[in-house]
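The values are calculated or read from the model by the stated rules, or taken from the named source; none is laboratory data. Source: prediction; values computed, not measured. Neighbour counts run over all protein chains shown; Cβ positions are idealised from the backbone, glycine included. For accessibility, only protein heavy atoms count, side chains too; no ligands or nucleic acids. Shrake-Rupley method; radii C 1.70, N 1.55, O 1.52, S 1.80 Å.
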Amino acid sequence: MLVVVVMGVSGCGKSTVGPRLAAALAGDYAEGDMFHPPANVAKMKSGQALDDTDRKPWLEAMAAAIAGWSRGPRPTVLSCSALKRRYRDILRTGSPGLRFVYLAGDKALIAARLAARKGHFMPATLLDSQFAALEPPDADEAVTVSIDQPPDAIVAEAVAKLNAMTSSSSRAQRGISRE
């Protein structure tokens, strides 16, 4: 079954777009932050950026969940920063057919959103570390959607691009199987 990761830096809209995308796909939604061990949450709350050692168990837990969802009866959308290619590679171990939707946005717009956000453990002061770690995905790895539009427009564009990606992948597989 289809599993999609909505990815991008903190404040790009993953937790807003993810549930709406899941609804548009008639599927389920999971918040990647729920997979963080308590030590990671405490570290971020204190204003410290996570390192790769901190992220590894978080990514592995999500990859295990992705494996289960990919065998399930409904599509699932997971919100997860997935900032680096190697992080996305770990997530892909759960399902080689995993799809990514990258929510791309201007740093100033995202900073303004973070400044207005209340009650989240990720402080706005860590935005620079998010952009420093970000390795934007290539077009063959993810569909990219600009966040400078309303959430419903973001979802509509993501669905259209995912459908196009799935169609071209199916055509390629049929072409390979004929040979």
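See the values below:
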| item | result |
| --- | --- |
| Per residue, in Å², the accessible surface of the chain once ligands and nucleic acids are set aside, probe 1.4 Å | 49 |
| Rounded to whole Hz, the Karplus (6.51, -1.76, 1.60) HN-Hα couplings of the stretch 16-33, x for glycine and proline | 8, 6, x, x, 5, 5, 4, 5, 5, 8, 6, x, 10, 10, 9, 8, x, 4 |
| Surface accessible to a 1.4 Å probe, VAL101 within the full protein complex, Å² | 0 |
| Long-range HN-HN contacts of PHE100 with modeled amide H, under 5 Å | VAL5, VAL143 |
| Protein accessible area in the chain, 1.4 Å probe - carbon and sulfur % | 56 |
| Under 5 Å, built H, 5+ apart or other chain: amide partners of VAL77 | VAL4, ASP28, TYR29, ALA30 |
| Net charge over other residues, Cβ less than 13 angstrom from the Cβ of ILE66 (K, R count +1; D, E count -1) | +1 |
| Computed [θ] at 222 nm, helices only, for the chain once each DSSP H run of length n ≥ 4 contributes -39500 (n - 2.57) | -16000 deg cm²/dmol |
| Cα-based reach from LYS45 at 30 Å (exclusive), listing lysines while leaving out same-chain residues under 8 positions away | LYS14, LYS56, LYS84, LYS107, LYS118 |
